[in-house]
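The values are calculated or read from the model by the stated rules, or taken from the named source; none is laboratory data. Predicted model, so just to flag it, every value in this text is computed and none were measured. Positions of Cβ are backbone-derived with ideal geometry, glycine not excepted, and every protein chain shown enters the neighbour counts. Each accessible area value is taken on the protein alone, full model and side chains, heavy atoms only, with ligands, DNA and RNA left out. Shrake-Rupley method; radii C 1.70, N 1.55, O 1.52, S 1.80 Å.
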Number of protein chains: 2
Amino acid sequence: MSKPARITTVTTLKDVALAAGVSTKTVSRVVNNDRHVSDNLRQKVLRAIEDLDYRPNLVARHMRTKKTRLIGLVTDEIGTTSFSGNILRGAQEAAWQHGLLLLACHTGGNPETEAHTVDLLLERHVEGIIFATMYHREVCPPESLKNCPAVLLDCFVSDNRYPAVLPDECQGGYQATRHLLQRGRRRIAMINGKRGFPGAEGRAAGYRQALAEAGLPLDESLLVYGDWWQEQGFSQAQSLLQGPERPDAIFCGNDRIAMGVFDALRERNLQVPRDVAVIGFDNMEMIAAHSRPGLTTMALPHHEMGRLAMELLNHHIEGGSSGKGEPLRVPCPLVRREST
Amino acid sequence: MSKPARITTVTTLKDVALAAGVSTKTVSRVVNNDRHVSDNLRQKVLRAIEDLDYRPNLVARHMRTKKTRLIGLVTDEIGTTSFSGNILRGAQEAAWQHGLLLLACHTGGNPETEAHTVDLLLERHVEGIIFATMYHREVCPPESLKNCPAVLLDCFVSDNRYPAVLPDECQGGYQATRHLLQRGRRRIAMINGKRGFPGAEGRAAGYRQALAEAGLPLDESLLVYGDWWQEQGFSQAQSLLQGPERPDAIFCGNDRIAMGVFDALRERNLQVPRDVAVIGFDNMEMIAAHSRPGLTTMALPHHEMGRLAMELLNHHIEGGSSGKGEPLRVPCPLVRREST
DNA sequence: ATCCCGTTTGACATCGATGTCAAAACCAGC
DNA sequence: GCTGGTTTTGACATCGATGTCAAACGGGAT
């Protein structure tokens, strides 16, 4: 009997003001922790808020203040790998620290859907947008993206008109190769992903650089490209292994390729890492952590990238520089397991 | 010169009305496709909207109409597996069809964070909340969840006070076992996940039922429990295989267990599926599609579950029944590969 | 030309909060 | 008790849209 019949009734500032016998403005002050309120009134208001279980209506507040505290996150794909999840986690954690909430949308990579999604987000007056992809590549984001602060995540545009956060593929390739060198390997092959992909090219550049620095001549027959799949890794490894001089280590363009390499080695009764050390890339938990032996690999710092993208965006929103210019490259850490 | 200097200026209804020489209400009517507008004015207004690149401010609209068209999605974990991604995709697709937008938050499973998250969403006046978990289990959602329409997804409460959408584990276990029977197997073992988990118990129930229906006695030594990991699958399979009567098929509580079983079979030079057929559960793409041979498995219908949860919620919001009562169980489809 | 009736149209209030600004209250100090 | 300055307080306008309702309009019928 004490409660109003209509469940949809929500208590507002006005109700609280009435109950506490003060003006709405005073209630507003208390809610916003304004110091210009006497202790006496503050107590009364706080009690009324408690009694009525009042929650401020953020929609109304945002209309007045022009701050929605919403950030849009547009991704091409969500959920096929753990990548997008880690990005989301990193971004959300950073967002929370700044009192921001994330509005995540996936588009399937369709340009029309992307444009539509950005429009939707703009209509809701998000304060900024993170435009993310599932793997490192060049993109052509919708025109309307320029209508609000934006950061590219795991992708870039050639003229750097948006700030971007990318994995440092070259450092990753370099460090992977260095690691093999440090383990005493000298004849290091690389079975890479597909030509032309920033990931593949960057990783190969790092590989070349590490070999050059170590004073090892680059044997071009040891650097082969394929696609990103296990089957290709398997057959490429077969070819490499039947040459006269067997490599003593194989750096794989990703973890799936490494699984194919494992298969090929097993077929020839070669032991990992005794006969051939194997290192992957991407650190796909499902694969790398549960293969036998466990696969040493370079992790993609998706969580950190998500966090950084959000920090960059927040900085811009708070009035700092937009962060435009050379993309921010985030180092890929080595995850050591048993295969090296 | 034609554009205002301040980039932050956004065109509003008023600007359009001024430009078209009509009242704001008329513009509002055009934007909302109200038929009570003469063609003449409608054209003028549309042109002005085009010229000024006007976009309605949804924040303001929602304040007036009380409809935010926002749905909150609270999950314990996002991104460790493809599960949450598929749920998200399914939910978002359904949401879009109803003009709803998804506000996804992950909580790490911490009850305080969960309560806080729900409060945040309520402050933003979401029209409903989907409370989801990464794997099928009982939950204790925050009290405040009752303040808006809510649906549980991949989880449940014992008294069914919220509607819930769950995978039909029992049907899955049943169908997996039926499939092995149809392939001519008679001595079917099950290496299950952990006791007490709804997934493990449901799948075992389906397994029992299928065997009983086929008139096969249940050999209790063939139904073993472990945890959900590859290592346990490996050792459990070893034990099963060294018994006097080797099973001719193994139904695994999940795909990781199946990978351990593969290892154990390989060790004994047993061929899959010739000597022993293997079927998994969960259809973890990363594992099942790329193992050798490819793993036949029961898929968890996460995409469909996400979609259904959203439909249920929308139905409630649109004034239909809440959907409370027995949880909705979504069938798990068989994904046939080479291991059976 | 006038009247009637249905359709368009716009003036004004409203949603729930905060910004502005002036009035009210308070407090010293003389 | 008055004055001047600081602090509290509240009346009112405002954000950008839509709801209400009455006025203006238009087109037949008389």
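Buried surface for the B/A pair, taken as the accessible area of each chain alone minus that of the pair with a 1.4 Å probe, is close to 4900 Å² in total. Sorting B:195, B:47, B:178, B:187 by accessible area puts them as B:195, B:47, B:178, B:187; the probe is 1.4 Å, largest comes first, and only protein heavy atoms count. Stretching the chain fully between residue A:183 and residue A:38 yields a gain of 45.2 nm (0.36 nm per residue, less the alpha carbon separation). Using the Cα gyration tensor of chain B, with a ≥ b ≥ c the square roots of its eigenvalues, what is the shape: rounded (a/c below 1.5), prolate (a/b larger than b/c) or oblate (neither)? It is prolate, given that a/c is not under 1.5 and a/b is the larger ratio. Interface burial in region B:252-289, defined as at least 50 Å² less accessible area with all protein chains than with the chain alone at a 1.4 Å probe, covers B:286.
In chain A, Cα pairs under 8 Å separated by at least six residues give a relative contact order of 17 percent. Would you mind classifying the protein assembly as shown by shape? Square roots of the alpha carbon gyration tensor eigenvalues, ordered a ≥ b ≥ c; an a/c under 1.5 is rounded, otherwise it is prolate if a/b is larger than b/c and oblate if not. Here the protein assembly as shown falls in the oblate category. With protein chains left intact and a 1.4 Å probe, residues in the protein assembly as shown average 45 Å² of accessible area per residue. List the lysines whose Cα lies under 27 Å from the Cα of residue B:67, skipping any in the same chain that are fewer than 8 positions away. List returned: A:3, A:14, A:25, A:66, A:67, B:14, B:25, B:146, B:324.
The residues neighbouring residue B:282, those whose beta-carbon lies less than 13 Å from its own, together hold a net charge of -2 under the Lys/Arg +1, Asp/Glu -1 convention. Interface residues of region A:85-99, defined as those losing at least 30 Å² of solvent-accessible heavy-atom surface relative to the isolated chain (probe radius 1.4 Å), are listed as A:88, A:89, A:92, A:96. Atom-type composition of the exposed protein surface of chain B places 50 percent of the accessible area on carbon and sulfur (1.4 angstrom probe).
Placing +1 on the Cβ of each Lys and Arg and -1 on the Cβ of each Asp and Glu in the protein assembly as shown, which of A:277, B:273, B:197 has its Cα farthest towards the positive end of the resulting dipole? In the protein assembly as shown, that residue is B:197.
Distances between copies at residue A:116, taken between label points 7 Å from Cα along the C-beta direction, are 3.6 nm in increasing order.
Dipole orientation for chain A: of the candidates A:334, A:96, A:82, A:96 has the Cα lying most toward the positive pole (charges on Cβ; Lys, Arg +1; Asp, Glu -1).
The H on the amide N of residue A:190, modeled in the peptide plane, is under 5 Å from the matching H of A:223, A:224, A:251, each at least 5 residues off or on a different chain.
Taking label positions 7 Å along the Cα-Cβ direction at both residue A:46 and residue A:245, the computed distance is 7.8 nm, reported to one decimal. Over region B:169-299, Cα pairs under 8 Å with separation of 6+ residues give a relative contact order of 25 percent.
As a calculated quantity, the FRET efficiency between residue A:235 and residue B:205 at R0 = 35 Å, using C-beta atoms, amounts to about 0.20. Less than 5 angstrom separates the built amide H of residue B:103 from those of B:71, B:72, B:73, all sequence-distant by 5 or more or on a different chain. Ordering B:33, B:48, B:20 by the projection of their Cα atoms onto the charge dipole of region B:13-56, which places +1 on the Cβ of Lys and Arg and -1 on the Cβ of Asp and Glu, puts B:33 at the extreme positive end.
Applying 1/(1 + (r/R0)^6) with r as the Cβ-Cβ distance of residue A:25 and residue A:137 and R0 = 41 angstrom yields a FRET efficiency of 0.20. Annotation: the antiparallel percentage among DSSP beta bridges lying fully within chain B is about 5.
Net charge in the neighbourhood of residue A:31 (other residues with Cβ under 12 Å of its Cβ; Lys, Arg +1, Asp, Glu -1) is +3.
Sum up the charges of everything whose Cβ sits under 12 Å from the Cβ of residue A:108, counting Lys and Arg as +1 and Asp and Glu as -1, but leave residue A:108 out. Net charge around residue A:108: -4. Placing +1 on the Cβ of every Lys and Arg and -1 on the Cβ of every Asp and Glu, with no other charges, gives region A:13-56 a dipole of roughly 180 debye about its Cα centre. Counting only Cβ charges, +1 for Lys and Arg and -1 for Asp and Glu, the dipole size of chain B around its Cα centre is about 1260 debye. With each label modelled as a point 7 angstrom along the Cα→C-beta vector, the residue B:328-residue A:157 pair spans 4.0 nm. The string of couplings for region B:318-331 from the Karplus curve (6.51, -1.76, 1.60, θ = phi - 60°) is 6, x, x, 5, 6, x, 4, x, 4, x, 7, 9, 9, x Hz, one whole number per residue in order, with x for Gly and Pro. Counting only Cβ charges, +1 for Lys and Arg and -1 for Asp and Glu, the dipole size of region A:280-340 around its Cα centre is about 180 debye. Surface listing: B:234, B:281 arranged by accessible area from highest to lowest gives B:234, B:281, probe 1.4 Å.
Compare each residue of region A:36-58 in its chain alone against the assembly with all protein chains, and report those whose accessible area goes down by 20 Å² or more; 1.4 Å probe, heavy atoms. Listed in order, they are A:55, A:56, A:57, A:58. In region A:13-56, Cα pairs under 8 Å separated by at least six residues give a relative contact order of 42 percent. In this simple spin-label model, placing a label point 7 Å from the Cα along the Cα-to-Cβ direction at both residue A:213 and residue B:220 gives a separation of 6.3 nm.
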